[in-house]
Amino acid sequence: MSRLIMFAASMLAAGALLASACGGSSKKIATTTPAASSTAPAKTAAATTAAKTPTAGAASVVPAASTPASTGATSVPAAADTTTTAPPPPPAPAGATFNITQAKALLDAASLKAPDVGPDWTIMTDTPSDNAAAAATDPTAGASFARCGRLAGRLITNSPKDVVSAYLGGTIVSAFSLLTVYSTANGAADCSAEAAVRFQAPGALAKAFGTVFVDPSKVVVKLLDYPKVGDGSFAAALTGDINAAGTVVQLQIVIVGFLKGNTSAVVGVAYAPLTTPSTKELKPFVDLVLQRVGANQ
C-alpha cells in the first residue's frame, strides 16, 4: 500500500497538468464532474465566470485591418472618394517578451520545491517539458504551441518521507506545481482560454488525471470559493478512489489554477478526503508561487 500511495502521490498531477501544459488553467477552466449517482451533467464554472475572465487570444486583441474600397471599373461614389486613414497598429504584447533561457530561469525560480513544504519532504518527480514532450502527451494542445508561443513547462511533485503516516494522519501526502511559460502574456491567455473550453466537458478534468483514479467518471469535482489569483484563477477539489496494491482507498486533490502575465500555473495538494475540502494547506503554496512568478517576469 505504501508504494502505491507514493505512486499516486507522484502521478496525481502528471496526467491533468501535462495535458493542460498548453496553458495550464485560467479562470474559465473549471469543470464539475457529476457524482456516480447523478444523471444530469453538472454545471461548469466557466459559464458563470466567463464575463470575469480576461479576453484571451491574439485574434481577440489585434483589430482586423480595414479593406480599402475598390476603385476598379466601377466608379466610387463621391462621398466615399476620400483619403483613407490607415488602421492603427496592433497593440504590443503585454509585458516583456521572453526567450527560452528566461523561461527556464523563471521555472527554476518559481516552482514549488520540497524545502518550501517542510523539512522532511523530498522531490519525488521533477519533469521539465519542452514543446515536443508536451505535444507528445497532448497532440491537441500541441497544435497550438506555435501560435501561443509556448516556451517551456515544469512539473515538480513533492511528498513527505512517510507518505502512509501522513495519509492516515490526515495531513497532505503531496504538494505540487506545474508552471508553463510563454513568450508573451497574450500567448499565455490564448492557450489558457483554449484549454478552458476543453475542460468544460463533463468528467474531462478528472479523466485528465490519467491512471490516478480507478474510475474517473465517478470522481466528484467540487468548485471551491477562493480569492482571485493573478490575472484569473479557479479552485477545485477532486475526490475519488485509487488502487493501492489491490486495496481501494480514496484520495482528495485540491488545486488552484491561475494565470499571471506570460505564465500559467497549477498548484495543488493531496490528502485523505475531507467532508468539506479545504484550501487552508494550499494557500501558502499558491501565494509563494504567485509571488515568485511575479518577481521573475
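Odds and ends about this structure:
- Beyond 26 Å in Cα-Cα separation lie the following of the pairs Lys161/Lys207; Lys104/Lys161; Lys260/Lys283: Lys161/Lys207; Lys104/Lys161.
- Normalised by the number of residues in segment 181-297, the average gap of Cα pairs under 8 Å and 6 or more apart makes the relative contact order 22 percent.
- Close amide-amide hydrogen proximity is noted between Gly203 and Thr33, each under 5 Å apart and 5 or more residues distant or on a separate chain (H modeled in the peptide plane; Pro and chain starts excluded).
- Ala109 sits among other residues whose Cβ lies under 15 Å from its own Cβ, and their net charge, with Lys and Arg +1 and Asp and Glu -1, is +2.
- Restricting segment 129-174 to trypsin sites (Lys or Arg not before Pro) that sit in a DSSP loop and have at most 16 other Cβ atoms within 10 Å of their own Cβ leaves Lys161.
- In this rough spin-label picture, where each label sits 7 Å from Cα along the Cβ direction, the Thr140-Thr125 distance is 2.0 nm.
- Ordering of 122-131, 259-268, 281-290 by packing [mean C-beta count within 10 Å, highest first]: 259-268, 281-290, 122-131
- Residues in segment 167-181 carry Karplus couplings, in order, of 4, 5, x, x, 9, 5, 9, 7, 9, 9, 9, 10, 10, 10, 10 Hz; the curve used is 6.51 cos²θ - 1.76 cosθ + 1.60 with θ = phi - 60°, and Gly or Pro positions show x.
- Solvent-accessible area of segment 158-297 (1.4 angstrom probe, protein heavy atoms only): carbon and sulfur portion equals 53 percent.
- Candidate cross-link partners of Lys228 among the aspartates and glutamates, defined by an alpha-carbon separation under 14 Å and a same-chain spacing of 8 or more, comprise Asp287.
- Neighbourhood charge, 11 Å Cβ-Cβ cut-off, centred on Arg154 and excluding it, Lys, Arg +1 and Asp, Glu -1: -1
- Net charge contributed by nearby residues that have their C-beta within less than 14 Å of Thr140 (K/R +1, D/E -1): +2
- q = 0.13, 0.20, 0.22 Å⁻¹, segment 132-207: log10 I(q)/I(0) [Debye, one scatterer per Cα]: -0.56, -0.92, -1.01
- Segment 119-229 - accessible surface per residue (Å², probe 1.4 Å): 40
The values are calculated or read from the model by the stated rules, or taken from the named source; none is laboratory data. A quick note: this is a predicted structure, and the numbers were derived from the prediction, not measured. Here the Cβ is made from the backbone with ideal geometry for all residues, glycine too, and neighbour counts use every protein chain on show. These accessible areas exclude ligands, DNA and RNA; they are computed on the full protein's heavy atoms, side chains included. Shrake-Rupley method; radii C 1.70, N 1.55, O 1.52, S 1.80 Å.
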